[in-house]
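The values are calculated or read from the model by the stated rules, or taken from the named source; none is laboratory data. Just so it is clear, the structure is predicted and the values come from calculations on it, not from any experiment. Every residue, glycine as well, gets a Cβ built from its backbone with ideal geometry; the counts of neighbours run over all protein chains shown. For accessibility, only protein heavy atoms count, side chains too; no ligands or nucleic acids. Shrake-Rupley method; radii C 1.70, N 1.55, O 1.52, S 1.80 Å.
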Amino acid sequence: MIEARGITKTFGGRGGLLGTQPVAALRGVDFVLPSGGAVSFIGESGCGKTTLGRILCGMEQVDSGQLLVGGTDLARLPQRERAALLRRVQMVHQDPYSALNPTRTVRQVLEDPLALRARQLRRGRDWVESRAVELLGLVGLDPAYCLSLYPHTLSGGMRQRLVIARALTVDPDVLVADEAIAMIDVSLRLGILALLRQLRSELGVSVLFITHDVAAARYVGADGQLYVLYRGQVVEHGPVDAVISSPMHPYTQCLLSAIPVLRGLEEPAAEQLMPIAGLDAGHEPPGCLFADRCPNAEDDCALSRPTLRDAKEPGHRHACLHPRPRQVVAVPLAPDARPSGPP
Amino acid sequence: MRTNSASLSSPTATTAQSVTVPGEVPGAEIRGLKVVFQTPAGPMPAVNDVDLDLPLGTITGLVGESGSGKSTLALAMMNAVPKPGHIAAGSIRLPSVTDMTRLQGKALRLARGTALGYVFQASQNSLNPLKRIGAQLLDLGRAHGMEDKGALLRHARELCERMGLDPVRTLSAYQHELSGGMRQRVGIVFALILNPSVLVLDEPTTALDMISQRTVLDIIRYVQRERHLATLIITHDIAIVADLADYLVVMYGGRVVEKGPTRHVLQRAAHPYTEGLIAAIPRISGDIDRAQPLPGRPPDLLSIPRQGCVFRERCAFAIDQCSVQTPGLMPVRVTRRHDALEEDSALLDGQVAACHVRAPAPSAKVST
């Protein structure tokens, strides 16, 4: 559905009053998001995850590289057709509190875009209303209860469902979810993730999932691909569980080591890796971008920047000169090793 | 890293073991705390009838969603509940303060920071953007009548080093020059500079990415051990404290619905809410489809039931009694005990839950 080939994006660097240095947000990112598939991007703050999402939604332009939506190169299209194509990619933001206009009711939030859609499809007013009800039902909101309410009366989880319903009004092929559960109450998070899953299976919507939360990525797209971004470069990617269970790149290993262990339910992994230094985004080394923080760096890491190469399993690739697989994530304790609950 | 921290947990346990009852070295004791907000619809309790012990040398994780009253409880510990709220009942004893709720004016101002250190949720918002970090620390010392500036700065530098911050650079920096993780660590320096024995952290890792979160959690564990503090970590995410806290306290709708040793609460959650919260965590390994969403939505201040169990509307096990009688915290009975737990079960027992079905009062006969 979406194919990215060598996307690069650099911000700033015009010198100017503050003498800003250019910041490479994306350095030649390739990925393929198949129809109905899921691709998850993980990484630290400032790794380029959000920029990637914004590019996919047409909010940023690439500096170089190609972005193909449904096989068509966006850059080759005239503005009008590009906008029409990008309508098939909809974004679900992190903050459902600011993504909704507080002066519009749920009905208005949905019916405005639906009215446009009705014109395109040559449908009448009845269709708009029935579709609004249908979409609310689809995202798990009760239409009878919700339609006349204003967003401030809804909980965070309900708002995020409404934002997803609004994204669905234009029948998108792709949903870009940028930290879509970060601001949702914990008891409601899994409900949103389950909804994304359901949209994948029932409507065939592809999901590009941008997150800090690797376990959430695993829930939405266990059958999909996981991409690890570091300072704009994909340092490792592969099938979700392959990357989680045998990460090759030390940066991936550091990210996965940082996940808190559910003591009593999980057993910590034998090996843990932590970066030996903080992120210094101003430093632009000729070699591996992670070498200055890497606990395993060797002398040659500072000389040349490694590109993606194949790991053992098919489709699992990493960009490390001295890869060593490590099992760093906690494993669940066997159910019979745990005491049963109270009667 | 992990094995290291696991071995470090034993000194805490042995200290507590030597006194047999963990509550005997009280850091903070909260009794019958009730915080009420005056609203147009009448007084609304945001925190209701909360008893909480924070023993010295332990970390307690307070878990709750928005509207659970967890942040109000933390502010009440500083006697800093914002209007239109006020502490309606209860007492808060700290090692050097008989009752925080009775302090006023200068005495209250001096107690904040010296008796209890507080790390705010968004440290970037609690730091002055126009002053260097070091200058703000000196302000703090001056406000608490510390004469010896040199000693204060020495202590600050030492604390910075402990937290992996470059002391010279950090103290001469403005807050915008620091990353989110560094600001959070500076927040901890501020909270500890006056040597309190109780440390309260409100959502210390919200908005931090995975690696910064891990760094901050490791630091909390580290200073806790070094200073033998009574630490309270307030969070909405049970996974954050699952690795770190000795005790878990789960709040819902202004009430404590379950508390006990972390390991026990996680393994055999008795309250249906705790159980649902744990079941709703997607796991990093194992069968991902085991994760189950928790139905319903958390209550807000206006929709908290006044009578009966606060969770009953989302509860699959609710019985008639739940809408009539408010359940009290009752000991959770264990049917079977896992061998690996034997060593610390005597010390860490004491899991209680407020549920008519799962932890019935001894006299009550409940049929489900």
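Going by Cα centres, the stretch B:211-240 and the stretch A:183-249 are how many Å apart?
27
In Å², and per residue, what accessible area does chain A have when probed at 1.4 Å with the other protein chains present? List each step's numbers first, then the result.
Numbers: 14240 Å² over 343 residues.
In whole numbers, chain A has 42 Å² accessible per residue.
Starting from the Kirkwood radius over alpha-carbon pairs of the stretch A:46-117, derive D by Stokes-Einstein at 4 °C in a medium of 1.567 mPa s and give it in µm² s⁻¹.
Roughly 90 µm²/s, to the nearest whole number.
Provide the per-residue ³J(HN,Hα) series for the stretch A:55-66, in order, calculated from phi with Karplus coefficients 6.51, -1.76, 1.60 and θ = phi - 60°, each as a whole number of Hz, with x at glycine and proline positions.
After applying 6.51 cos²θ - 1.76 cosθ + 1.60, I find 5, 4, 8, x, 8, 9, 9, 7, 7, 8, x, 10 Hz.
Scan around A:Ser64 for amide H atoms under 5 Å from its own, H built in the peptide plane at 1.01 Å from N, and keep only partners 5 or more places away or cross-chain.
Residues meeting the amide H criterion: A:Thr8.
Counting only trypsin sites (Lys or Arg not before Pro) that are in a DSSP loop and have at most 14 other C-beta atoms within 10 Å, tell me the longest site-free stretch of chain B.
My reading of the result: B:132-305 is the longest stretch.
What's the longest uninterrupted piece of chain A once you rule out the trypsin sites (Lys or Arg not before Pro) that are loop residues per DSSP with at most 12 other Cβ within 10 Å?
Result, exposed sites excluded: A:123-311.
Please state the equivalent ellipsoid semi-axes for chain A: what are the square roots of 5 times the Cα gyration tensor eigenvalues, largest first, in whole Å? Walk me through the intermediate numbers first.
On the way: eigenvalues 264, 150, 62 Å².
Taking √(5λ) for each Cα gyration eigenvalue gives 36, 27, 18 Å.
In square nanometres and to one decimal, what's the mean projected area of the convex hull around the Cα atoms of the stretch B:186-336?
Mean projected area of the Cα convex hull: 11.6 nm².
At 1.306 mPa s and 10 °C, plugging the Kirkwood radius over alpha-carbon pairs of the stretch A:1-100 into Stokes-Einstein gives what diffusion coefficient in µm²/s?
Reported coefficient: 107 µm²/s.
Would you mind checking which residues have amide H under 5 Å from B:Val119's amide H? H placed 1.01 Å from N; only 5 or more apart, or other chain.
Residues meeting the amide H criterion: B:Val200, B:Leu201, B:Asp202.
To the nearest 10 degrees, how steeply does helix A:186-203 sit against the main Cα axis of chain A, on a 0 to 90 scale?
On a 0 to 90 degree scale, this one is about 80.
Give me Rg over Rh for the stretch A:89-221, both radii from the alpha carbons and Rh done the Kirkwood way, two decimal places.
Radius of gyration over Kirkwood radius for the stretch A:89-221 works out to 0.95.
I need the Debye-formula profile for the stretch A:74-150: one equal scatterer per C-alpha, no solvent, reported as log10 I(q)/I(0) at q = 0.15, 0.17, 0.27 1/Å, two decimals.
-0.66, -0.82, -1.28
So what's the convex hull volume per residue for the Cα atoms of the stretch A:207-289, in Å³?
Numbers: hull volume 9.6 nm³, N = 83.
Roughly 115 Å³ of hull volume per residue.
Translational D (Stokes-Einstein, µm²/s) of the stretch A:112-158 at 25 °C and 0.890 mPa s when Rh comes from the Kirkwood sum over C-alpha pairs? Could the numbers behind the result be given before it?
Details: Rh = 11.6 Å.
Taking Rh from Cα pairs, D becomes 211 µm²/s.
Can you tell me the alpha carbon radius of gyration of the stretch B:16-156 divided by the globular rule-of-thumb value 2.2 N^0.38 Å?
Ratio of Cα Rg to 2.2 N^0.38 Å: 1.19.
For the stretch A:53-114, what % of the accessible area comes from carbon and sulfur atoms, probe 1.4 Å? Intermediate results must be reported in sequence, preceding the final value.
Details: 1430 of 3200 Å².
The nonpolar share, carbon plus sulfur, comes to 45 percent.
Taking chain B as the reference, fit the longest principal axis to its C-alpha atoms, fit the long axis of helix B:105-114 to the helix C-alpha atoms, and give the angle between the two in degrees, 0 to 90, nearest 10.
Result, in degrees: 90.
Only bridges with both residues in chain B count here: give the DSSP antiparallel percent, nearest 5.
Of those bridges, close to 60 percent are antiparallel.
May I ask for the accessible area buried between chains B and A, both sides summed, probe 1.4 Å, to the nearest 100 Å²?
4900
By a straight-distance test (C-alpha under 17 Å), which aspartates and glutamates pair with B:Lys70 as possible cross-link partners, with residues fewer than eight away in the same chain excluded?
Result set, ordered by chain and number: A:Asp185, B:Glu29, B:Asp49, B:Asp51, B:Asp53, B:Asp202, B:Glu203, B:Asp237, B:Glu258, B:Asp300.
Give, in nm to one decimal, the length gained when the segment between A:Phe11 and A:Thr72 is fully stretched (0.36 nm per residue of separation minus the Cα-Cα distance).
Here the segment from A:Phe11 to A:Thr72 would lengthen by 19.4 nm.
Do any residues of the stretch B:290-323 show a loss of at least 40 square angstrom of accessible area between the isolated chain and the full protein assembly, using a 1.4 Å probe, and if so which?
Buried on complex formation: B:Pro293, B:Arg297.
Quick one: if you stick a label point 7 Å off each Cα along the C-beta vector at A:Arg122 and B:Glu147, how many nm between them?
9.2
Relative to the longest principal axis of chain B, what angle (0 to 90°, nearest 10) does the C-alpha long axis of helix B:133-143 take?
Here the helix axis deviates by roughly 80 degrees.
Could you pull out every residue, at least 5 positions away or on a different chain, whose amide H is within less than 5 Å of the one on A:Phe41? Hs are placed 1.01 Å off N in the peptide plane, and Pro or chain starts have none.
Placed amide hydrogens put A:Phe209, A:Ile210, A:Thr211, A:Tyr227 under 5 Å from A:Phe41.
Going through the cross-link list A:Lys9/A:Lys49; B:Lys83/B:Lys259; A:Lys49/A:Lys312; B:Lys34/B:Lys259; A:Lys9/A:Lys312, which pairs have a Cα-Cα distance over 21 Å in this structure?
The answer is B:Lys83/B:Lys259; A:Lys49/A:Lys312; A:Lys9/A:Lys312.
Tell me, what HN-Hα J-couplings in whole Hz come from the Karplus equation 6.51 cos²θ - 1.76 cosθ + 1.60 at θ = phi - 60° for each residue of the stretch A:228-236, using x for Gly and Pro?
With coefficients 6.51, -1.76 and 1.60, one gets 10, 9, 9, 6, x, 10, 6, 9, 7 Hz.
Rounded to a whole number, what % of the accessible area of chain B do carbon and sulfur atoms account for, probe 1.4 Å?
The computed percentage sits at 53.
Can you spot the aspartates and glutamates whose alpha carbon is less than 15 Å from B:Lys131's alpha carbon? Ignore those fewer than 8 places along the same chain.
B:Asp139, B:Glu177
Does any residue of the stretch A:41-60 lose at least 10 Å² of accessible area with all protein chains in place compared with its chain alone, and if so which ones (probe 1.4 Å)?
By number: A:Glu44, A:Ser45.
Quick one: compute a quarter of the convex hull surface over the Cα atoms of the protein assembly as shown and quote it in nm².
If I average the Cα hull's projected area over directions, I get 33.7 nm².
Extent of the stretch A:151-256 along each principal axis, from alpha carbon coordinates, in Å, largest to smallest?
45, 27, 23
Give me the Debye-computed log₁₀ of I(q)/I(0) at q = 0.13, 0.21 Å⁻¹ for the stretch B:95-254, equal point scatterers on Cα only, no solvent, two decimals.
Normalising to I(0) and taking log10 leaves -0.61, -1.52.
Averaging over every viewing direction, what projected area does the convex hull of the Cα atoms of chain B cover, in nm²?
With every direction weighted equally, the projected area is 19.9 nm².
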